Amino acid sequence: MGFIGMYSGILFGLITMTSWGIWIIFGNGASQSIDPRTAAAITYLVAGLLALGSIVVSDASIAVTARGGLLASAAGSFAGIGHIGFSQASTTLVSTLGAMYFVVAAVLGIVVLGDEVTITRFAGIAFACLSIVLLTR
């Protein structure tokens, strides 16, 4: 990845991080005003419409293979399942733990995909777990 590509990735990563942080605040407010499941459904409906809109205005391919469609459907299913927690527990607690999804992805990458275990990765996972403890107290 080149110099420009790296900074572009950081920029879009910061936009994603900020957007998802703001999403939690609005989602929390919505879940206090209406049923959390309804709030989640509206959230995903709007997100889906925005995703479809981005396909229309970009040069994205609309070709879908059986494997790609199945994997995308599974991803959407797990994203939806993750929202059940918001109707069962404190939004602050659920969103903090939910935001640690990358720990699950990192562990699965090591266990299932065979990614290399390094001291740095192990320390990152350990510190992320420690942050969960500190943030939820």
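The values are calculated or read from the model by the stated rules, or taken from the named source; none is laboratory data. Note that the coordinates shown come from a computational prediction; the quantities given were computed from them, not determined experimentally. Please note: Cβ atoms are built from the backbone with ideal geometry, for glycine as well, and neighbour counts cover all protein chains shown. Remember, those area values only see protein heavy atoms, side chains included, never the ligands or the DNA or RNA. Shrake-Rupley method; radii C 1.70, N 1.55, O 1.52, S 1.80 Å.
Just the residues that are among the hydrophobic types (A, V, I, L, M, F, W, C) and touching a residue at least 60 places away in the same chain (Cβ under 8 Å), please, taken from region 4-53.
First, pick out the residues of region 4-53 that are among the hydrophobic types (A, V, I, L, M, F, W, C): 4, 6, 10-12, 14-15, 17, 20, 22-26, 30, 34, 39-42, 45-47, 49-52.
Listed by number, the residues that qualify are 20, 24.
Say whether the condition of being open to solvent by less than 60 Å² (accessible area, probe 1.4 Å), within 22 Å of residue 19 (Cβ to Cβ) and more than 19 Å from the chain's Cα centre (by Cα) is met by at least one residue in region 47-54.
yes
Across region 97-106, what is the total count of residues that are open to solvent by less than 50 Å² (accessible area, probe 1.4 Å) and in a helix (DSSP H, G or I)? Steps first, please.
Step one: of region 97-106, the residues open to solvent by less than 50 Å² (accessible area, probe 1.4 Å) are 98, 100, 103, 106.
Then drop every residue that is not in a helix (DSSP H, G or I), which leaves 98, 103, 106.
Looking only at that region, the number is 3.
If residue 94 meets every condition in (1) surrounded by 13 or more Cβ atoms within 10 Å (Cβ to Cβ); (2) in contact (Cβ under 8 Å) with a residue 12 or more places away in the chain; (3) closer than 30 Å to residue 33 by Cβ apart from one, which number is that one?
Result: residue 94 passes all but (2).
Limited to region 117-137, what total is found for residues that are touching a helix residue (DSSP H, G or I) at 6+ places or on another chain (Cβ under 8 Å), assigned to a loop (DSSP other than H, G, I, E, B) and not hydroxyl-bearing (Ser, Thr, Tyr)?
Kept after step one, since they are touching a helix residue (DSSP H, G or I) at 6+ places or on another chain (Cβ under 8 Å), are these residues of region 117-137: 117, 121, 124-125, 128-129, 132, 135-136.
Those left that are additionally assigned to a loop (DSSP other than H, G, I, E, B): 117, 136.
Add one more test, that the residue is not hydroxyl-bearing (Ser, Thr, Tyr), and what stays is 117.
Number of matching residues: 1.
From the list 80, 109, 69, 85, exactly one residue is part of a helix (DSSP H, G or I) and touching a residue at least 40 places away in the same chain (Cβ under 8 Å). Which is it?
Values: 109 fails: touching a residue at least 40 places away in the same chain (Cβ under 8 Å); 69 fails: touching a residue at least 40 places away in the same chain (Cβ under 8 Å); 85 fails: touching a residue at least 40 places away in the same chain (Cβ under 8 Å).
After ruling out the rest, the residue left standing is 80.
Do you know which residues across region 55-66 are at pLDDT 90 or above, surrounded by 10 or more Cβ atoms within 10 Å (Cβ to Cβ) and not in a helix (DSSP H, G or I)? Full working, then the answer.
Initial filter on region 55-66 (at pLDDT 90 or above): 55-58, 63-66.
When the remaining residues are screened for being surrounded by 10 or more Cβ atoms within 10 Å (Cβ to Cβ), the result is 55, 64.
Within region 55-66, 64 is the sole residue that qualifies.
When residues of region 71-108 are filtered for being of a type in the set (Ser, Thr, Tyr), under 14 Å from the mean Cα position of the chain (by Cα) and modelled with pLDDT of 80 or more, how many remain? It would help to see each step written out before you state the result.
Looking only at region 71-108, we keep the residues that are of a type in the set (Ser, Thr, Tyr), and these are 73, 77, 87, 90-92, 95-96, 101.
Adding the requirement that they be under 14 Å from the mean Cα position of the chain (by Cα) leaves 77, 95-96, 101.
Then drop every residue that is not modelled with pLDDT of 80 or more, which leaves 77, 101.
Residues flagged as of a type in the set (Ser, Thr, Tyr), under 14 Å from the mean Cα position of the chain (by Cα) and modelled with pLDDT of 80 or more within region 71-108 amount to 2.
Residue 27 passes all but one of (1) closer than 26 Å to residue 95 by Cβ; (2) open to solvent by 60 Å² or more (accessible area, probe 1.4 Å); which number fails?
Here residue 27 clears every test but (2).
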